[in-house]
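*Asks:* The structure's right below; bear with me while I get my questions together.
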């Protein structure tokens, strides 16, 4: 097969994550601030005329109908009645189960790119509504910029953030998101943050990730990574883990911190430096 045209699927960080309540259907109500970063998976995508959705490099032990990229393409087909198909190749770089939103971002990139390649011209809001059917984190990647999120994560408000470089550590363990949200020790009643107080809370380091304590109890390696990174600044877990991060003003400082963290790294720990993005690289693929 020839090399398919390639498109980025960037990671995200949750700069904070509060659980402020729970709906009657069991879904938790959240407040969080999403920041995209320039570490990405890559999607190869090309139009097929026969209507088939063909996965190249399928994820091990993931059935086709459970694969988020395939599901995103199929959902777009069904919603629009499009008779075109696609070759889909996922080049995976983001750790699975790391809290960086890799699978959600992959699905969003499929929606954004096929919306253009299939000449569907769905507006951004329509794509976000489809994205929510695939998972709570998928809409923010279609939204395509830093965002304050409420509800289950789908109520998005654009948010301007200063330039930043991030050290991200991956402890190399998988933390089950359902297990965290079902855990009796999870805080579910954090007071809601007012938008007017959000920037000050970030500056003071007063905002937290409510999932951290439970994640650390289930996977002590997450706590070890947090404590190691906290020697060099405010450290937080992203999403439901297992990756943790800290922010710095300049790249050189972030690279120095990463080098110090990795000098005494336990087996399995990986790390990288990433720059915060103001907008998704494919932002202009939707209106």
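*Asks:* Would you compute, from DSSP H runs of 4+ residues alone, the mean residue ellipticity of the chain at 222 nm, taking -39500 (n - 2.57) per run and dividing by the full residue count, rounded to the nearest 500? Show your work: numbers first, answer last.
*Replies:* Working: 9 runs with 91 residues, N = 287.
The helix contribution divided over the chain gives -9500 deg cm²/dmol.
*Asks:* Which order do 237, 96 fall in if you start with the one that has the fewest other Cβ atoms within 10 Å? Intermediate values should be presented prior to the final figure.
*Replies:* Values: 237 28, 96 11.
Exposure proxy ranking, most exposed first: 96, 237.
*Asks:* Separate question: Could you give the length gained by full extension between residue 47 and residue 189, i.e. 0.36 nm per residue of separation minus their alpha carbon distance, to one decimal place?
*Replies:* Working: separation 142, 0.36 × 142 = 51.12 nm, distance 4.69 nm.
Length gained between residue 47 and residue 189: 46.4 nm.
*Asks:* Let me ask something additional. Any idea how far the Cα center of region 198-236 sits from the one of region 1-37, in Å?
*Replies:* About 17 Å separates the Cα centre of region 198-236 from the one of region 1-37.
*Asks:* Sorting 280, 174, 28 on the 10 Å Cβ count, fewest up front, what's the list?
*Replies:* On the way: 280 24, 174 14, 28 18.
Lowest count first: 174, 28, 280.
*Asks:* Using Cβ contacts closer than 10 Å as the measure, can you line up 234, 273, 250 from fewest to most? Intermediate results must be reported in sequence, preceding the final value.
*Replies:* Details: 234 15, 273 21, 250 11.
Sorted ascending by nearby Cβ count, the order is 250, 234, 273.
*Asks:* Taking 0.36 nm per residue of sequence separation and subtracting the Cα-Cα distance, how much length would be gained by fully extending the chain between residue 78 and residue 174, in nm to one decimal?
*Replies:* 31.3 nm
*Asks:* Sticking with this one: Would you mind computing, in nm to one decimal, how far apart the modelled labels at residue 197 and residue 61 are, each placed 7 Å from Cα along Cα→Cβ?
*Replies:* My value for the distance between the label points is 4.4 nm.
Every number in this text was worked out from the coordinates using simple rules, so none of it is lab data. The model shown is predicted, which means the values in this text are computed figures rather than measured ones. Because the Cβ atoms are built from the backbone with ideal geometry, glycine has one as well, and the counts that use them run over all protein chains shown.
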